[in-house]
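Just below is one structure, and these are the notes that go with it.
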Amino acid sequence: MAEEKTKYFVVKQKAVPEVLLKVVEAKKLLESERVLTVQEATDRVGISRSSFYKYKDDIFPFYDNTKGKTVTFVVQMDDEQGLLSDILHIVAVYRANILTIHQSIPVNGVATITLSVEIKTNTGNVSRMVEEIEEQRGIHFVKILARE
């Protein structure tokens with residue numbers, strides 16, 4: 001019988017079942033050493049120990065598993081002077097290494113950018129970096145295309 005390959009998905013937090021989000025919270029409590037046992041952590045977040053053990057190896061915040069990887073984003077944005085520079089500045093502040101940038105010719109005042117960045121060991125929280133880009137005036141959406 002052939003071994004089934006593991007598949008990964010990137011989903012927004014609002015699409016993740018509450019029990020999985022609580023598993024992440026419990027893991028953070030354990031890592032921070034604010035609690036010493038799994039029982040304490042699961043009691044605090046309101047899940048069973050069996051739920052914790054069932055999912056603990058299957059869920060993690062996006063940024064926890066990206067170090068040393070290349071992440072490719074697609075950004076749709078207004079064709080506005082300085083906006084691309086603002087996005088690149090955010091990437092620089094988070095200390096991600098820009099590998100490629102491709103901007104389409106704007107159509108009806110909207111441009112699409114494909115941006116590949118290398119996530120280094122000193123890169124900040126990648127999830128927060130994406131959120132900051134999304135929050136910029138003139139950004140229509142940011143999608144994560146790939147993580148290699």
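For the reader, a short list of remarks on this structure follows.
- Residue 95 within 27 Å of residue 22 (Cα to Cα) and touching a residue at least 12 places away in the same chain (Cβ under 8 Å): no
- Qualifying positions in the stretch 106-129 - farther than 17 Å from residue 148 by Cα, within 12 Å of the chain's Cα centre (by Cα) and modelled with pLDDT of 85 or more: 128, 129
Matching residues to (1) within 30 Å of residue 101 (Cβ to Cβ); (2) out of contact with any helix residue (DSSP H, G or I) (no Cβ under 6 Å at 6 or more places or on another chain); (3) at pLDDT below 85; (4) surrounded by fewer than 15 Cβ atoms within 10 Å (Cβ to Cβ):
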residue: 2; (1), (2), (3), (4): no, yes, yes, yes
residue: 7; (1), (2), (3), (4): yes, yes, yes, yes
residue: 37; (1), (2), (3), (4): no, yes, no, yes
residue: 42; (1), (2), (3), (4): no, no, no, no
residue: 45; (1), (2), (3), (4): no, no, no, no
residue: 51; (1), (2), (3), (4): no, no, no, no
residue: 71; (1), (2), (3), (4): yes, yes, no, no
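- Residue pairs meeting the criteria (Cβ under 6 Å; at least 6 apart or on separate chains; first in contact (Cβ under 8 Å) with a residue 40 or more places away in the chain, in the stretch 68-89; second of a type in the set (S, T, N, Q)): 70/116; 72/116; 74/114; 76/112; 86/136
- Sole residue being at pLDDT 90 or above, among the polar types (S, T, N, Q) and surrounded by 12 or more Cβ atoms within 10 Å (Cβ to Cβ), chosen from 81, 103: 103
The values are calculated or read from the model by the stated rules, or taken from the named source; none is laboratory data. Because the structure is a prediction, the values reported are computed rather than measured. Ideal geometry is used to build each Cβ from the backbone, glycine not excepted, and the neighbour counts take in all protein chains shown.
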